[in-house]
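What follows is one structure encoded as structure tokens, with my remarks underneath.
The values are calculated or read from the model by the stated rules, or taken from the named source; none is laboratory data. Note that the structure is a prediction, hence the values are computed from the model and not measured. Ideal geometry is used to build each Cβ from the backbone, glycine not excepted, and the neighbour counts take in all protein chains shown.
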Amino acid sequence: MSANNPEFQVINDEDKRATVKVVGYFTSACSAAFPFAANTLFGANASMNCLSSITNILYSTSLANGRVSLEFVSTINANVKALTFGHFNDGEMQKYIINNANTPTGDYSINVENAIANDSFTLIFSIAKEQGGIPGNAQHYGANAWANASTWN
């Protein structure tokens, strides 16, 4: 693992869902965003916005003063924070979190704020690949972007 540059590892990637592990360790001060492209997952049409929703997350953070956020990336407006973790936390959240970015790309970003030397975190999040687009989104961003995934909504 390289310091000050969180690493993403896809630990499961199936037709309808995927699980991604992110590990970060810091040797000096850091505030930055680190992207993860959804169209690198199995069944993705790389020329489309491949949307997904978070279904589960395991987290462990050891941050003296900082925060780590898991965000949905937006093309025009600011990214939308799905969850934020700070200080010393361990746990699991089983909740369906819909990608509610205004103009979603399907990508995720890990946003690190105020990390210092010896801070670290691990996030393991599971996603559902949204074949029918995001429910309630009039533009149906992401419709038919995944091969082999059925419509979820």
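Rundown of residues vs (1) at pLDDT 90 or above; (2) in contact with a Phe, Trp or Tyr (Cβ under 9 Å, 6 or more places away or on another chain); (3) not in a strand (DSSP E or B), yes/no style:
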position	(1), (2), (3)
ILE76	no, no, yes
LEU83	yes, yes, no
HIS87	no, no, no
LYS95	yes, no, yes
ASN102	no, no, yes
THR105	no, yes, no
TYR108	yes, yes, no
GLU113	yes, no, no
ALA117	yes, yes, yes
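Taking region 7-44 as the range and being within 23 Å of ALA128 (Cβ to Cβ), part of a loop (DSSP other than H, G, I, E, B) and in contact with a strand residue (DSSP E or B) (Cβ under 7 Å, 6 or more places away or on another chain) as the test, the residues that pass are LYS16, ALA37, LEU41, PHE42, GLY43. Does LEU63 satisfy being of a type in the set (A, V, I, L, M), surrounded by 15 or more Cβ atoms within 10 Å (Cβ to Cβ) and over 23 Å from ASN100 (Cβ atoms)? Spelling it out, LEU63 is indeed of a type in the set (A, V, I, L, M), surrounded by 15 or more Cβ atoms within 10 Å (Cβ to Cβ) and over 23 Å from ASN100 (Cβ atoms).
Consider TYR108 carefully, then state whether it is more than 11 Å from the chain's Cα centre (by Cα), aromatic (Phe, Trp, Tyr) and either surrounded by 17 or more Cβ atoms within 10 Å (Cβ to Cβ) or on the phi < 0 side of the Ramachandran plot (or both). In short, no.
In the condition set (1) within 16 Å of the chain's Cα centre (by Cα); (2) buried (at least 16 other Cβ atoms within 10 Å of the Cβ); (3) more than 21 Å from ILE76 (Cα to Cα), SER53 is compliant with all but (3). For ASN148, the requirement of being over 15 Å from the mean Cα position of the chain (by Cα), over 22 Å from VAL22 (Cα atoms) and modelled with pLDDT under 70 is met. When residues in region 67-79 are screened for being crowded, with 18+ Cβ neighbours inside 10 Å, over 12 Å from ILE54 (Cβ atoms) and hydrophobic (A, V, I, L, M, F, W, C), 2 of them pass. Pairing residues of region 67-88 that are more than 15 Å from ALA38 (Cα to Cα) and touching a residue at least 60 places away in the same chain (Cβ under 8 Å) with residues that are in a strand (DSSP E or B) and of a type in the set (A, V, I, L, M, F, W, C), at Cβ distances under 7 Å and at least 6 apart in sequence or on separate chains, gives no pairs at all.
Conditions tested, residue by residue: (1) more than 16 Å from ASN114 (Cβ to Cβ); (2) surrounded by 15 or more Cβ atoms within 10 Å (Cβ to Cβ).
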| site | (1), (2) |
| --- | --- |
| GLU14 | yes, no |
| THR27 | no, no |
| LEU41 | yes, yes |
| SER47 | yes, no |
| LEU58 | yes, yes |
| LYS81 | no, no |
| GLY91 | yes, no |
